[in-house]
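Where a number appears in this text, it was derived from the coordinates with a stated rule and is not lab data. Predicted model, so just to flag it, every value in this text is computed and none were measured. Cβ placement follows ideal geometry from the backbone for every residue including glycine, while neighbour counts extend to all protein chains displayed.
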Amino acid sequence: MSSALETLRRDFGGDIIEPGAADYESARRSRSASGSPAYVLRPKSVRDVQAGVSFAASAGLLLSVRGGGHDFAGFGTNDGGVVIDLSKLANVEIIDKERHLVRIGGGATWGQVAAALAPHGLAISSGDTKSVGVGGLTLTGGIGWKVRKYGLALDNVAAAEVVTANGQVVHASREENPELFWAIRGGGGNFGIVTAFEFVAHPTTDVFFGKIAFPASEAATVLQGWADYLRTAPEELTSTVEVANAFAGGPEAPIEIYVTFDGDDPQPAAQAIDPIRRLGTVTGDDVALQPYADTLADGTTPPPGIQVVPRSAFADKESVPEVLQILAEVRASQQSPFITVRSVGGAVSRVSADATAYAHRQAELIIVTTLAGPEPTIEAARPALEAIWERLAPHVNGAYANFLASATQEDVAAIYPTQTYRRLAAVKRRYDPGNLFARNHNVQPQ
Ligand SMILES: Cc1cc2nc3c(=O)[nH]c(=O)nc-3n(C[C@H](O)[C@H](O)[C@H](O)COP(=O)(O)OP(=O)(O)OC[C@H]3O[C@@H](n4cnc5c(N)ncnc54)[C@H](O)[C@@H]3O)c2cc1C
């Protein structure tokens, strides 16, 4: 046995899962990739995380860090290396009732967070799905059902506890290690393993949530009207549009506008939502008052062999009309991918572009196309997808890291504008000069 492994077995109090073990089959997989790691480590404490990081570094093994395991690029597993699976570090604790300060383990899921906070009348705007991890979603963004009022998930982080590449525990906040704190709010898992986040939660009541459907034939006017309205709508209203859905009738699928109104008073809720109802001929409307935690979907794991391949970009105010016109046209084709458009703006845009490593503050919309199916279906659909993105290219910018299935240099350049990337590289040189944390949209230390 190598001395690195001996040290791991001595210092590590969690589970060490190796090929042949009963739970190896499930442990080796993340949501989007199977993989064959040599070791899957499930730490139960910060000391275990330190031991796991030191083991991967001294054994010279590739390291994957898995939070909720939901990323689309397969970062959460690898072949022949180490996976540190944080799922046992999922504690959610209110540490300051007055300030609504909540400490959350780096391996918690948003469903666990919503369930733990609901009895206290608190919530954190995160994402739309319970099984998604706090770690991955927060470290690169976090666009949830209250994003226009409370900003990205990362905008609500007050501090973090990070195990860096040398196995040390470092605290990051505005006061302590502020450059690291800047970097982990957008720079992903490049700088270490976040064993705990401190978030400022917000008080929540039940919310009005649901979808309003319009006929496919009204796509162009409904989409333009929706984007125009969101520009001045109350920030209690957050909204996303399912522009194209191959599983709901392809070109005939309705335009479905999801809305959340953050509040339980029917009158302001109706005032905020009714202008959307007036955008066209409503063919379905299931908006209803419900607990915030119930608005999050359970999340499903695609069956083996089925790939889910999202791609994303931002649209700024001046390009919104062209972008929506293009999407209204391409959705009418049998080859259209799934297309979702999320409205941002609001509280997201009030943070300056250099305040965090998430720089796309000026965007009004996030455009996400998704292909789903077995590999041959995905490959057959790629040319039509490329054609769509070629049309969009003059009007969109950047990419949202959480909705990307690849991690090329072009992807990294799209996620991080040059100034942001340079600053991230300086932080990387300080905290991970050997690039131990490389299974991510990687910032190179050089
Ligand atoms: C069904 C579904 C719904 C989604 N809905 C939304 C949504 O509404 N809004 C949105 O913004 N995004 C959404 N996403 C995208 C989601 O934010 C990303 O897939 C994100 O990467 C998932 O985080 P994770 O922790 O589950 O993933 P993982 O695969 O575990 O991690 C992703 C990356 O983060 C790193 N990482 C994770 N945890 C830590 C940690 N504690 N410390 C250091 N590094 C860590 C990993 O190493 C990896 O590089 C959705 C994804 C899915 C599959």
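Counted by neighbouring Cβ atoms within 10 Å, the residues ILE276, ILE255 run from fewest to most as ILE276, ILE255. In terms of surrounding Cβ atoms within a 10 Å radius of their Cβ, PHE197, PHE314, PHE75, PHE247 rank from fewest to most as PHE247, PHE314, PHE75, PHE197. Label-to-label distance, SER333 versus SER45, with points set 7 angstrom from Cα along the beta-carbon direction: 5.8 nm.
P(r) for segment 252-346, from all Cα pairs and a bin width of 5 Å, is 2, 8, 15, 18, 20, 17, 13, 5, 1, 0 %, short bins first. Ranked from largest, the principal axis spans of the Cα set of segment 156-260 equal 58, 30, 24 Å.
If you wrap segment 79-166 in the convex hull of its Cα atoms and look at it from every side, the mean projected area works out to 6.9 nm². Exposed loop sites, defined as trypsin sites (Lys or Arg not before Pro) outside DSSP H, G, I, E and B with at most 10 other Cβ atoms within 10 Å, are absent from the longest region of the chain, namely 279-446. Quick one: divide the alpha-carbon radius of gyration of segment 201-269 by 2.2 N^0.38 Å and tell me what you get. Its radius of gyration relative to the 2.2 N^0.38 Å reference: 1.26. Seen from TYR258, the other residues with C-beta closer than 15 Å to its C-beta sum to a net charge of -3, counting Lys and Arg as +1 and Asp and Glu as -1. Centre-to-centre separation between the Cα atoms of segment 402-445 and those of segment 318-377: 22 Å.
Decide, for segment 320-372, between rounded, prolate and oblate: order the square roots of the alpha carbon gyration tensor eigenvalues as a ≥ b ≥ c, take rounded if a/c falls under 1.5, and otherwise choose prolate if a/b is larger than b/c, else oblate. Note, shape of segment 320-372 comes out prolate. Taking the centroid of alpha carbons for each part, segment 237-258 and segment 153-178 are 39 Å apart.
Could you work out the local net charge near TRP389, counting Lys and Arg as +1, Asp and Glu as -1, over the other residues with Cβ closer than 15 Å to its Cβ? Local charge sum for TRP389: -2. Residue-normalised convex hull volume from the C-alpha trace of the chain: 136 Å³ per residue. Can you list the lysines whose alpha carbon sits under 25 Å from that of LYS146, skipping same-chain ones fewer than 8 residues off? The qualifying lysines are LYS97, LYS130, LYS211, LYS317.
The length gained by stretching the chain between ASP285 and ILE306 to full extension, at 0.36 nm per residue less their Cα-Cα distance, is 4.4 nm. Pull up the cross-link candidates among the lysines for LYS428, meaning alpha carbon to alpha carbon under 30 Å and not fewer than 8 places away within one chain. The qualifying lysines are LYS44, LYS88.
Assuming R0 = 51 Å, what is the FRET efficiency of ALA38 and ALA387, from their Cβ-Cβ distance, to the nearest 0.05?
Numbers: r = 42 Å, r/R0 = 0.82.
The pair ALA38/ALA387 has a calculated efficiency of 0.75.
At R0 = 22 Å, how high is the FRET efficiency between ASP206 and GLU98 if r is their beta carbon distance? Nearest 0.05 is fine. E between ASP206 and GLU98, to the nearest 0.05, is 0.40. Average 1/r across all pairs of distinct alpha carbons in segment 366-446, invert it, and you get the Kirkwood radius: 14.6 Å. Our summary of shape: the Cα atoms of segment 120-174 have principal axis extents of 37, 24, 23 Å, ordered from largest down, in whole angstrom.
Highest average first, the peptides 53-60, 214-221 ordered by how many other beta carbon atoms sit within 10 Å of their residues are 53-60, 214-221.
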